[in-house]
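The values are calculated or read from the model by the stated rules, or taken from the named source; none is laboratory data. Here the structure is a predicted model, which is why all the values come from computation and not from measurement. Because the Cβ atoms are built from the backbone with ideal geometry, glycine has one as well, and the counts that use them run over all protein chains shown. With ligands, DNA and RNA removed, areas are computed over all heavy atoms of the protein, side chains included. Shrake-Rupley method; radii C 1.70, N 1.55, O 1.52, S 1.80 Å.
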Amino acid sequence: METMRARYGVPLGITAVGAAGLAYAVGFEVRSFRLRRITVPVLPRGMRPLRVLQVSDIHMVSGQRKKQRWLQSLAGLRPDFVVNTGDNLSDPEGVPEVLDALGPLMEFPGAYVFGSNDYYGPKLRNPARYLMEKASGRHGLNGNAPAVGVVHNPWTEIRDAFDAAGWVGLSNTRGRLKLDDIEIALTGLDDPHIKRDRYAEVAGGPESGADLSLAVVHAPYLRVLDAFTADRYPLILAGHTHGGQLCIPFYGALVTNCDLDTRRVKGLSTHEAGDHTSYLHVSAGCGTNRYTPVRFACPPEATLLTLTPQAP
């Protein structure tokens, strides 16, 4: 009997711990929404602070009521403007719920870019492929065969609603937001993860006459970060990574689903290119692919960035 206990006790214990971890990841953490608050010193001296709410990777699936209510509640933060960094959908039927969830935020000035999951429905895939892609240096369609047989999402309905609310679309283009006496210039790209980015169409750096210029993109691929930084944008906003989604406590993320290093998978960091350094903020997002509805050691989030004047 003692031999049997020694033989099976450890494997059964590991199985129990694994099951408990999975139950936590599926049943609790994936719905444990958080607000990240950070301060970024990028404004000209003498300018009043600005509060920017970044939402990303909502991946809405029809019926996700708690996520809808939480997103609606963010309007209580009263941000100066909102930036949506894409992947709003994980269900072709989820458009009404996306717009209902973001409705209160659409009362504020805003800007947006789209991600691959806005355009295409998700596909069931082996999570181990993310590790294989990292090892081979292949991510998304960057070196992979083009996607075939995909579901096309009704993304134009989201675009039309955002535009009607006055939000500025930034897919390979520039735009401006007017906040009383402050003018914000924004430069954005379509999703690099599926090779829709066209930096040549927006190259040239920050615009003259604006109080602040920001860069916006869904997936933080290095070629994009290098270009924005070399063009001297003070701050780049991105999403896509889900913060690693399944992380190891006290270690962090294993993958980023792009060529960004895991050290910068979420939160505020810096990026260097040429002789310039830009701030980079990567949102861990507040959703998951509908086929992998789990998070571990990486709660879903939105971020309130307080932009402050640069140090003297």
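One table, with the values for the structure above:
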{"item": "Linear extension gain, LYS66 paired with ARG31, 0.36 nm per residue minus alpha-carbon span", "result": "11.9 nm"}
{"item": "Among beta bridges that DSSP assigns inside region 171-253, antiparallel share in %, nearest 5", "result": "55 percent"}
{"item": "Computed lengthening from LEU222 to GLU93, 0.36 nm per intervening residue step minus Cα-Cα distance", "result": "43.1 nm"}
{"item": "Derived scalar couplings ³J(HN,Hα) [region 107-112; Karplus, 6.51 cos²θ - 1.76 cosθ + 1.60; whole Hz; x for Gly, Pro]", "result": "7, 9, x, x, 8, 8"}
{"item": "Pairwise FRET efficiency - LYS195 versus VAL151, Cβ, R0 = 22 Å, nearest 0.05", "result": "0.70"}
{"item": "Local net charge near LEU280, Cβ-Cβ under 15 Å (Lys/Arg +1, Asp/Glu -1)", "result": "+1"}
{"item": "³J(HN,Hα) computed for each position of region 252-268 - Karplus, 6.51 cos²θ - 1.76 cosθ + 1.60, integer Hz, glycine/proline x", "result": "x, 7, 9, 9, 10, 6, 6, 8, 6, 6, 5, 4, 10, 5, 7, x, 8"}
{"item": "Under 5 Å, built H, 5+ apart or other chain: amide partners of ASP190", "result": "ASN172, ARG198"}
{"item": "Charge dipole of the chain about the Cα centre (unit charges at C-beta), most positive-ward option of SER73, HIS152, VAL255", "result": "VAL255"}
{"item": "Long-range amide H partners of PHE81 with built H, under 5 Å", "result": "ARG51, LEU53"}
{"item": "Relative contact order (percent, whole number), the chain, Cα cutoff 8 Å, 6+ residue spacing", "result": "26 percent"}
{"item": "Cleavage-rule hits, chymotrypsin sites (Phe, Trp or Tyr not before Pro), region 252-298, DSSP coil, Cβ neighbours within 10 Å at most 16", "result": "TYR291"}
{"item": "Distance (nanometres) between label positions extended 7 Å along Cα→Cβ at HIS276 and GLU107", "result": "3.7 nm"}
{"item": "Accessible-area value, PHE33, 1.4 Å probe, nucleic acids and ligands omitted, Å²", "result": "40 Å²"}
{"item": "222 nm mean residue ellipticity, helices alone, for the chain (DSSP H n ≥ 4; -39,500 (n - 2.57); rounded to 500)", "result": "-7000 deg cm²/dmol"}
{"item": "GNM top mover of LEU280, LEU189, LEU177 - the chain, alpha-carbon springs below 10 Å", "result": "LEU177"}
{"item": "Around THR306: net Lys/Arg minus Asp/Glu count, Cβ-Cβ under 15 Å", "result": "+4"}
{"item": "Dipole in debye (nearest 20) - the chain, about Cα centre, beta carbon charges: Lys, Arg +1; Asp, Glu -1", "result": "1080 debye"}
{"item": "1.4 Å probe accessible area per residue over the chain, in Å²", "result": "45 Å²"}
{"item": "Where Rh is the Kirkwood radius over Cα pairs, Rg/Rh for the chain", "result": "1.00"}
{"item": "Top positive-direction residue, dipole computed over the chain with Cβ charges, set PHE228, HIS242, THR85", "result": "HIS242"}
{"item": "Positive minus negative residues near LEU214 (Lys, Arg vs Asp, Glu; Cβ under 13 Å)", "result": "-2"}
{"item": "Cα-projected label distance for LEU304 with ASP100, points at 7 Å along beta-carbon direction, nm", "result": "2.6 nm"}
